[in-house]
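A.B. asks: So that we are looking at the same thing, I have put the structure below in structure tokens.
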Amino acid sequence: MNKYLKNLNRIEFVVTMACTGKCKHCSQGEHKSNDRIDKALASDAVRKIAKEYNIKSVMTFGGEPLLCCETVCEIHKAAREMSIPQRQLITNGYFSKDYDEIKNVAQKIIKSGVNEILLSVDAFHQETIPLEYVKAFADAVNVHGVKLQVHPAWLVSSDDDNPYNDKTREILSEFNHTGIETSKGNVIFPSGNAIKYLGEYFNLKKEIKNPYQEDPADIRAICLSANGYILGGNIYKQDIIDILDSYTPYTLINSKP
Ligand code: SF4
């Protein structure tokens, strides 16, 4: 086991960079890439990593991950098979306008073992994503055994008064009325589109620490990109265990995704 990864307990997958939203707070920018991770390599990575490390959580997100439903399902099936307890999906809930297809996808992901769904709804997502389809998806996955929460992005902080947060509170209440709770959500970090469209809300002269940044000498969560990149290596070219074994804190300085 690599000493810099001894506390590794979480694997995240950017399943695809393709997205149905065009959010002005998106940290990934304009989503020009349509990369999607190979489902066999991704699920194989879960099995191999879980054999060597004490993985407690697997998370799939994107882009919009349910544009690649089969990949999401394969990843979570592998996680369940390896007895990884938390199997989480973050989705904007909008991948189809066909209500039968929405139900069909919902059933598939529940069957695959997803047990936690964070539904990204807020003022930013709903500028381009119609709520009616998101609500149909929420109804279809709101079943026993799945922890479903709405998961907003807050501007400045969750209690700041600004027009975006006001709109977000309004949208969340539509879900809360049906018994769906709100997660802690996240506070928008100034990167990608957020700098471009919401710059006036940030003090860009002051250095803001990215809350998602890992300590390179004590990595606890790894995130595989849609193009297979991870910790200076790529699962399309190397075995995932070789990548993890050869990692040092200097790897990241010398490599680019
Ligand atoms: S914030 Fe999420 S839903 Fe919106 S464009 Fe970015 S990845 Fe897509």
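The values are calculated or read from the model by the stated rules, or taken from the named source; none is laboratory data. This structure is a prediction, so every number in the text was calculated from the model and none was measured. Counting neighbours? That spans all protein chains shown, and the Cβs are built from the backbone with ideal geometry, glycine included. The protein model used for the area step is the full one, side chains on, heavy atoms only, and it has no ligands, DNA or RNA in it. Shrake-Rupley method; radii C 1.70, N 1.55, O 1.52, S 1.80 Å.
A.B. asks: Any residue at all in the stretch 44-66 that is surrounded by 19 or more Cβ atoms within 10 Å (Cβ to Cβ), within 16 Å of the ligand (Cβ to nearest atom), of a type in the set (Asp, Glu) and in a loop (DSSP other than H, G, I, E, B)?
C.D. replies: Yes, the stretch 44-66 contains a residue that is surrounded by 19 or more Cβ atoms within 10 Å (Cβ to Cβ), within 16 Å of the ligand (Cβ to nearest atom), of a type in the set (Asp, Glu) and in a loop (DSSP other than H, G, I, E, B).
A.B. asks: Being in a loop (DSSP other than H, G, I, E, B) and either surrounded by 18 or more Cβ atoms within 10 Å (Cβ to Cβ) or without any contact (Cβ under 8 Å) to a residue 24 or more places away in the chain (or both) is the filter here; which residues of the stretch 117-139 pass it?
C.D. replies: SER120, VAL121, ASP122, ALA123, PHE124, ILE129
A.B. asks: Also, quick follow-up: Mind listing just one residue for me: the one in the stretch 88-116 that is within 24 Å of LYS22 (Cβ to Cβ) and in a loop (DSSP other than H, G, I, E, B) and, of those, nearest to the ligand (Cβ to nearest atom)?
C.D. replies: Among those that are within 24 Å of LYS22 (Cβ to Cβ) and in a loop (DSSP other than H, G, I, E, B), it is ASN92.
A.B. asks: On the given criteria, is ASN7 away from the ligand (no atom under 16 Å from the Cβ), part of a loop (DSSP other than H, G, I, E, B), touching an Asp or Glu at 6+ places or on another chain (Cβ under 8 Å) and not aromatic (Phe, Trp, Tyr)? Talk me through it step by step, then tell me what you get.
C.D. replies: Details: away from the ligand (no atom under 16 Å from the Cβ): yes; part of a loop (DSSP other than H, G, I, E, B): yes; touching an Asp or Glu at 6+ places or on another chain (Cβ under 8 Å): yes; not aromatic (Phe, Trp, Tyr): yes.
Answer is yes for this residue.
A.B. asks: Looking at the stretch 82-92, can you tell me whether even one residue there is open to solvent by 30 Å² or more (accessible area, probe 1.4 Å), farther than 20 Å from GLN149 by Cα and not β-branched (Val, Ile, Thr)? Let's see the steps before the verdict.
C.D. replies: Let us first name the residues in the stretch 82-92 that are open to solvent by 30 Å² or more (accessible area, probe 1.4 Å), namely 82-83, 85-87, 90.
Pick out the ones that are also farther than 20 Å from GLN149 by Cα and you get 82-83.
Next, only the ones that are not β-branched (Val, Ile, Thr) stay: 82-83.
Scanning the stretch 82-92, I find at least one residue that is open to solvent by 30 Å² or more (accessible area, probe 1.4 Å), farther than 20 Å from GLN149 by Cα and not β-branched (Val, Ile, Thr), so the answer is yes.
A.B. asks: Could you look through the stretch 194-248, keep only residues that are more than 22 Å from the chain's Cα centre (by Cα), hydrophobic (A, V, I, L, M, F, W, C) and within 29 Å of VAL156 (Cα to Cα), and pick out the one that is most open to solvent (accessible area, probe 1.4 Å)?
C.D. replies: LEU204
A.B. asks: Something else now. Which residue is nearest to the chain's Cα centre (by Cα), if the candidates are limited to the stretch 167-183 and must be outside any helix (DSSP H, G or I), of a type in the set (S, T, N, Q) and at pLDDT 95 or above?
C.D. replies: As a first pass, look at the stretch 167-183 and keep what is outside any helix (DSSP H, G or I): 177-183.
Applying the additional criterion that residues be of a type in the set (S, T, N, Q) yields 178, 182-183.
In the following step, the residues that additionally are at pLDDT 95 or above were identified as 182-183.
On the way: THR182: 17, SER183: 14 Å.
The qualifying residue nearest to the chain's Cα centre (by Cα) is SER183.
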